[in-house]
Amino acid sequence: MKNNIENLELKYLSLTDFEALKDVFIEIYGDAPDAYWKKSELRELINKFPEGQVVLYVNGEIAGCAFALIVQSSKIDKKHTYDDIAGDSKFEMHEATGDMLYGIDILIKKSYRGLKLGRRLYDYRKDLCEKLNLKGIVFGGRIPNYYKHASELTPRQYIQKVRRKDIIDPVLNFQLSNDFRPVRILSNYLEGDKDSKEYAVWMQWDNIYYEKDSKELSSSKTEIRLGLVQWQMRPYNDLDELLHQVEYFVQSLSGYRSDFALFPEFFNAPLMAKYNHLSEPEAIRELAKYTLPIKDKFRALSIAYNINIISGSMPEVIDGKLFNVGCLCKRDGEVERFEKIHVTPDEAKVWGMQRGNMLKTFDTDCGKIGILICYDVEFPELSRLLALEGMNILFVPFLTDTQNGFSRVKLCAQARAVENECYVAIAGSVGNLPKVHNMDIQYAQSAVFTPSDFAFPSNGIKAETTPNTEMILIADVNLDDLTELHNFGSVRNLKDRREDVYQLKRS
């Protein structure tokens with residue numbers, strides 16, 4: 001298994017991929033003439049339905065692929081076979097006006113298995129299904145371990161035992177964990193599939209957003225799911241123990257199909273406990289030594305769990321100077337850095353923290369976002385500059401010790417949402433660290449704030465956590481509502497600016 005993923009790219013299948021893909025086919029299906037896909041068949045698939053055929057590149061090498069057709073569900077016989085759907089080299093079963101996505105193949109190269117790449121391909125199909133406004137996804141799922149139990153179990157009994165976890169079937173277990181449900185048994189489905197005894201399971205995923213008679217194709221993702229971690233400060237024996245807790249939260253948010261995971265400012269502060277015998281400036285510089293391995297772990301998790309992660313913030317030493325920084329780990333493997341521009345008097349006095357200078361928006365698969373660390377959200381100029389560059393969502397990792405400190409962050413974040421007509425998500429830490437100097441107590445209530453107009457909550461609060469309780473917060477935000485607000489809102493804070501009287505510009 002190849003764990004060192006530097007870059008991950010999901011793109012439409014091209015005939016130029018054939019030779020590299022052929023090796024993957026042969027590895028999985030063998031080199032018999034009829035065992036793997038032909039170039040002419042791939043050409044026909046691309047011509048028929050280019051969006052349904054994708055390949056997954058890892059570090060510039062093909063790691064997997066997924067092929068699909070659109071079919072009319074009323075034309076699929078309850079006892080159909082694989083050849084009924086894909087046996088025709090012209091793929092006549094494909095109907096652009098159909099109502100169901102049919103998965104005809106999905107595979108991952110053996111050396112890349114165990115990295116949750118198959119899950120990413122399934123997620124792509126689900127997103128495609130929603131964008132095309134199809135009823136759902138269906139396919140005939142193999143049961144490759146059935147041959148071990150065929151003498152004592154019927155296919156139905158076998159499936160029941162797999163669902164109860166009495167039997168492990170690598171394919172069926174994976175499909176069930178990705179929200180597919182078994183509908184019926186298909187006999188004589190795939191000729192020559194000896195492991196499954198030629199049985200398959202009609203697996204189906206239902207699109208809850210399906211709207212009958214609406215065939216509009218959504219050009220971009222507008223419904224965004226935000227996941228916030230309200231982190232409990234507690235002692236950790238070492239870095240591995242802290243990262244185990246990090247992965248627990250990432251896995252939980254990914255399980256709810258969140259697009260983003262936001263961690264708080266200095267969430268890794270408990271690791272300073274072992275340096276409590278040192279002065280505060282020395283202790284936080286020791287903490288800075290963990291920043292690189294933590295960043296690498298976040299990057300790996302963003303790829304494995306198919307989620308964009310905002311790391312909160314951590315100390316970093318550059319040329320002997322201490323900064324408060326964080327990273328945006330995108331699910332395609334790209335990592336971008338951000339800095340705290342305004343440091344608090346306490347950070348400067350106790351730790352010798354230096355001010356950063358980086359201010360930018362970040363392009364993601366969910367549109368443009370901005371990130372400001374804690375105190376920075378109290379300076380309206382920063383978020384206004386980001387809004388003028390097209391920011392739709394502002395993320396604010398914070399750390400506050402008292403309720404009045406938290407109130408400053410909260411009230412300013414709410415103001416930023418109103419004046420910039422954007423969503424603002426804030427995430428902080430709770431609990432106590434009596435063995436870490438200058439990090440004794442924390443107070444937080446994480447939340448997602450919105451503009452205040454008819455399409456949004458009247459109080460401007462989309463969702464919020466219970467104060468001072470470790471938990472996650474999940475909230476859906478719609479970018480189309482912002483577009484409507486920008487143009488037809490009761491007030492239009494961005495458009496009504498008096499640039500003839502005042503202007504804001506970067507230095």
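The values are calculated or read from the model by the stated rules, or taken from the named source; none is laboratory data. On a predicted model such as this, the values are computed, not experimentally measured, just so you know. In this analysis, Cβ positions are derived from the backbone assuming ideal geometry, glycine residues included, and neighbour counts consider all displayed protein chains.
For residues in the range 45-79 being more than 32 Å from the chain's Cα centre (by Cα) and touching a residue at least 40 places away in the same chain (Cβ under 8 Å), which is farthest from L128 (Cα to Cα)? Quick ask: steps written out before the conclusion?
Kept after step one, since they are more than 32 Å from the chain's Cα centre (by Cα), are these residues of the range 45-79: 74-79.
With the extra rule that they be touching a residue at least 40 places away in the same chain (Cβ under 8 Å), the set shrinks to 76, 78-79.
On the way: I76: 21, K78: 24, K79: 26 Å.
Per the stated criteria, the residue is K79.
Under 7 Å between Cβ atoms, at least 6 apart or on separate chains: pull out the pairs that start in the range 276-302 with a residue that is assigned by TED's automatic domain parsing to the domain that holds V317 and end on any residue that is of a type in the set (K, R).
N276/K435; S302/K330; S302/R331
Quick check, is T97 part of a loop (DSSP other than H, G, I, E, B) and within 31 Å of the chain's Cα centre (by Cα)?
Answer is yes for this residue.
Does L359 satisfy being touching a Pro at 6+ places or on another chain (Cβ under 6 Å), of a type outside the set (D, E, K, R) and modelled with pLDDT of 95 or more?
Values: touching a Pro at 6+ places or on another chain (Cβ under 6 Å): no; of a type outside the set (D, E, K, R): yes; modelled with pLDDT of 95 or more: yes.
Spelling it out, it is not the case that L359 is touching a Pro at 6+ places or on another chain (Cβ under 6 Å), of a type outside the set (D, E, K, R) and modelled with pLDDT of 95 or more.
Go through the range 355-366 residue by residue and tally those that are crowded, with 19+ Cβ neighbours inside 10 Å and touching a strand residue (DSSP E or B) at 6+ places or on another chain (Cβ under 7 Å).
Within the range 355-366, residues that are crowded, with 19+ Cβ neighbours inside 10 Å and touching a strand residue (DSSP E or B) at 6+ places or on another chain (Cβ under 7 Å) number 5.
Quick one: which of D84, D99, D77, D34 is surrounded by 18 or more Cβ atoms within 10 Å (Cβ to Cβ), of a type in the set (D, E) and within 28 Å of Y199 (Cβ to Cβ)?
That would be D99, the only listed residue that is surrounded by 18 or more Cβ atoms within 10 Å (Cβ to Cβ), of a type in the set (D, E) and within 28 Å of Y199 (Cβ to Cβ).
Pick from Y158, Y189: which is crowded, with 19+ Cβ neighbours inside 10 Å and under 22 Å from Y36 (Cβ atoms)? Full working, then the answer.
Numbers: Y158 fails: under 22 Å from Y36 (Cβ atoms).
Step by step, each of Y158, Y189 is checked, and only Y189 is crowded, with 19+ Cβ neighbours inside 10 Å and under 22 Å from Y36 (Cβ atoms).
So is F379 at pLDDT 95 or above, among the hydrophobic types (A, V, I, L, M, F, W, C) and surrounded by fewer than 17 Cβ atoms within 10 Å (Cβ to Cβ) or not?
yes
Could you look through the range 160-181, keep only residues that are touching a helix residue (DSSP H, G or I) at 6+ places or on another chain (Cβ under 7 Å) and touching a residue at least 24 places away in the same chain (Cβ under 8 Å), and pick out the one that is farthest from K126 (Cα to Cα)? Give the steps one after another, and end with the answer.
Going through the range 160-181, the residues touching a helix residue (DSSP H, G or I) at 6+ places or on another chain (Cβ under 7 Å) turn out to be 162-163, 167, 169, 172-174, 176, 178.
Next, only the ones that are touching a residue at least 24 places away in the same chain (Cβ under 8 Å) stay: 169, 172, 174, 178.
Values: D169: 23, L172: 18, F174: 15, N178: 10 Å.
Selected residue: D169.
Scan the range 398-415 residue by residue and report those that are out of contact with any Cys (no Cβ under 7 Å at 6 or more places or on another chain) and not polar (S, T, N, Q).
D401, G405, F406, R408, K410, L411, C412, A413, A415 - these are the residues of the range 398-415 that are out of contact with any Cys (no Cβ under 7 Å at 6 or more places or on another chain) and not polar (S, T, N, Q).
Can you run down the residue pairs with Cβ atoms below 9 Å, 6 or more apart or on separate chains, where the first is in the range 337-349 and closer than 17 Å to I284 by Cα and the partner is of a type in the set (D, E) and part of a strand (DSSP E or B)?
Within 9 Å, the pairs are E339/E316; K340/E265.
Criterion first (farther than 14 Å from F398 by Cβ, at pLDDT 95 or above, more than 20 Å from the chain's Cα centre (by Cα) and assigned by TED's automatic domain parsing to the domain that holds N276) does I461 satisfy it?
Here the answer is yes, as I461 does meet what is asked.
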